[in-house]
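I have placed the structure first, in the form of structure tokens, so that the comments after it can refer back to it.
The values are calculated or read from the model by the stated rules, or taken from the named source; none is laboratory data. Quantities reported herein were computed from a predicted structural model and do not represent experimental measurements. Quick reminder, even Gly has a Cβ in these numbers, built from the backbone with ideal geometry, and neighbours come from all protein chains shown. The area values use the complete protein model at the heavy-atom level, side chains included, leaving out ligands, DNA and RNA. Shrake-Rupley method; radii C 1.70, N 1.55, O 1.52, S 1.80 Å.
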Amino acid sequence: MPRLFGTFGVRGIVNKELTIKTALELGQALATDLGNRGRVALGRDNRTSGEMLELALVAGLNSGGCDVVRLGLTPTPVLSFATRSFGCDAGVMITASHNPAEYNGIKFWDQEGAGFQRWREDRIERIMSHGPKLVGWRDIGRSERVEALPLYFDAILERVPRFRRGLKVVVDCANAVGNLVTPSLLRELGCQVISLNSQLDGTFPGRKLETIPENLNGLAKAVVSCKADLGVAHDGDADRTLVVDERGEVISGDRVFAHVALHYLRGKSRPRILTTVATSSVLDDVAAKLGGEVVRTKVGEPELVEEIRKNGGDIAGEENGGVIFPDWLLCRDGIMTAVQFIAALDSTDMKASELNLTLPKYFQVKRRLECPDEKKAKVLARLTKRFSRYRTSHMDGLRIELEEGWLLLRPSGTEPIFRCFAEAKTEKQAKALAALGMRELKAAIKGS
Ligand code: MG
């Protein structure tokens, strides 16, 4: 049987790859995994298929003996927050994050509000293939509707001091659930907020959901034309954030993370910054400024959370603009990321573009090359041999440290491709590194 769970949860086109039958069975399997009792928090983003999948999951969980705390429309970090704060035994989020409207997904969370690790997803899959256990009529679970948004909102206001500068911020939540929190929260914290794509619409007509520069042209234009100080954008479930400076230039996800880390960890003794092999060296610069260290893991939120649990960490993040604040939540929180970035800017008298210049500039080139799954291991072995005289890391793919920067050649976990990331101090060097990577990659694929 092919693996049902992808890199993070179950995801697919609704009514084709992801049906209400799958949702029902996942609910029953989770209930079985929890010993046919307990409470489960359930939230969803605002896709057109969300309510239908929610009803199927409620039926599955109730028939397996679990009570369900129905949060309704909610960003992913709020689901994580509610699962832990309400003392639930697990959480379920119905979202396909940054994927288009025809997709949806189902993702499980443990009682500490962290995404299920792979071993736990495997256990759910085993239960699904053997058949879940249903309960007798007396033990069928109930469901209740509970509001989690105000509690989350207040919890942030309790932790974060009001801003002093009255910064003007354009917020683009892509017609998605980020709109339920971020605009009003930033207003409450003292920003002047202009909302873009602020009506909830499950067809997402405003822009594509992924927070990548090419999807943020509308935000960039709005920031410039409104003479705003910055713009912030979330993906479909608000666990990621990207920032646009006052000139309409996008500040990349790893730089957002870097500025947030520098601000959030200031004054902390020897902070431990967790990130992945695919993130910019700018994090090393931040760690040096703070007198702390950077620990790199494999790519993915579950890898970062595992490292936090094993050895601790003061902040964790990826290059896609998702930051985890371990003393707040064990989940990427795009809302808190936006708040902390603005707090960082608010603590200075600089413009956003000037703040960005306070960290060293790096140039990145990202490429990809098709490679059949069955060839990936061989290709990697060949590449390892080719680059054996360099300083390398084999944690996730092959990362090669060179004088002028670094190169990462990494097989994708979900697609038949190899990714090639290069970073250097100049654009020319980054392009040359990427070209070298692509050349070696092509040769290795051909020879395998
Ligand atoms: Mg997301």
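Points worth noting:
- All told, Arg142 meets the bar of being more than 15 Å from the ligand (Cβ to nearest atom), open to solvent by 70 Å² or more (accessible area, probe 1.4 Å) and within 14 Å of Leu57 (Cα to Cα).
- The lone exception for Ser412 - which of (1) within 22 Å of Ile212 (Cβ to Cβ); (2) in contact with a strand residue (DSSP E or B) (Cβ under 8 Å, 6 or more places away or on another chain); (3) at pLDDT below 95; (4) open to solvent by 20 Å² or more (accessible area, probe 1.4 Å) it fails: (4)
- Index of the failed condition, Gly313 passing every other in (1) of a type outside the set (Val, Ile, Thr); (2) touching an Asp or Glu at 6+ places or on another chain (Cβ under 9 Å); (3) within 16 Å of the ligand (Cβ to nearest atom): (3)
- Within segment 316-350, the residues that satisfy the criterion of being out of contact with any Pro (no Cβ under 9 Å at 6 or more places or on another chain) and assigned to a strand (DSSP E or B) are Gly317, Val323, Ile324.
- Tally of residues being assigned to a loop (DSSP other than H, G, I, E, B) and within 17 Å of Leu283 (Cβ to Cβ) across segment 385-427: 3
- Any hit, segment 170-179, residues being open to solvent by 50 Å² or more (accessible area, probe 1.4 Å) and either touching a helix residue (DSSP H, G or I) at 6+ places or on another chain (Cβ under 6 Å) or touching a residue at least 24 places away in the same chain (Cβ under 8 Å) (or both): no
Residue-wise test of (1) assigned by TED's automatic domain parsing to the domain that holds Asp373; (2) in contact with an Asp or Glu (Cβ under 8 Å, 6 or more places away or on another chain); (3) of a type in the set (Ser, Thr, Tyr).
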| position | (1), (2), (3) |
| --- | --- |
| Arg410 | yes, yes, no |
| Thr414 | yes, no, yes |
| Ala424 | yes, yes, no |
| Glu427 | yes, no, no |
| Ala430 | yes, yes, no |
| Leu433 | yes, yes, no |
| Leu436 | yes, no, no |
| Leu441 | yes, no, no |
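- Helices (runs of 4 or more DSSP H) within segment 179-292 that include 3 or more residues away from the ligand (no atom under 16 Å from the Cβ) and over 20 Å from Val160 (Cβ atoms): 217-225, 282-290
- Filter result for the condition that a residue is buried (at least 19 other Cβ atoms within 10 Å of the Cβ), under 22 Å from the mean Cα position of the chain (by Cα) and among the aliphatic types (A, V, I, L, M), over Leu329, Leu383: Leu329
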